[in-house]
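Taking it in order: structure first as structure tokens, then the write-up.
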Amino acid sequence: MADTLSDDEIAERLPDGWERDGDEIVRVYEFDSYLAGVGFAGGAGGLAEEAFHHPEITIRYAEVEVRLTTHDAGGITEKDTELAARFDELAD
């Protein structure tokens, strides 16, 4: 099991565009169309499966919200910040 990060470590490792919401990190990605968001969500799901770390993904028209936490650790771990960075690469 991964260790949770301290408040300072979270602030230091949180990728740009992500915010902390309690024991989760959150980002809303904006897209030009619904299908572009669905495509991103599908790609994000593939990355999450590879990492065996599964976020909460909410698809809305022209935006996708992603929430990451490590449930078995009870908070935010390096697994969350690393996967967040991979999602950012996917969105670029």
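Each reported figure results from applying straightforward, stated rules to the coordinates on display, with no laboratory input. Treat the numbers as computed from the prediction; the structure is a model and nothing was measured. So basically every Cβ, Gly included, is an ideal-geometry build from the backbone, and we count neighbours across all protein chains shown.
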Looking only at region 1-20, count every residue that is under 21 Å from ILE57 (Cβ atoms) and exposed (fewer than 11 other Cβ atoms within 10 Å of the Cβ) and tell me the total. 2
Select from region 60-72 the residues that are surrounded by fewer than 17 Cβ atoms within 10 Å (Cβ to Cβ) and either among the hydrophobic types (A, V, I, L, M, F, W, C) or touching a Pro at 6+ places or on another chain (Cβ under 9 Å) (or both) and list them in ascending order. ALA62, ARG67
Check THR58, THR69 and return the single one that is among the hydroxyl-bearing types (Ser, Thr, Tyr) and within 19 Å of SER33 (Cβ to Cβ). THR58
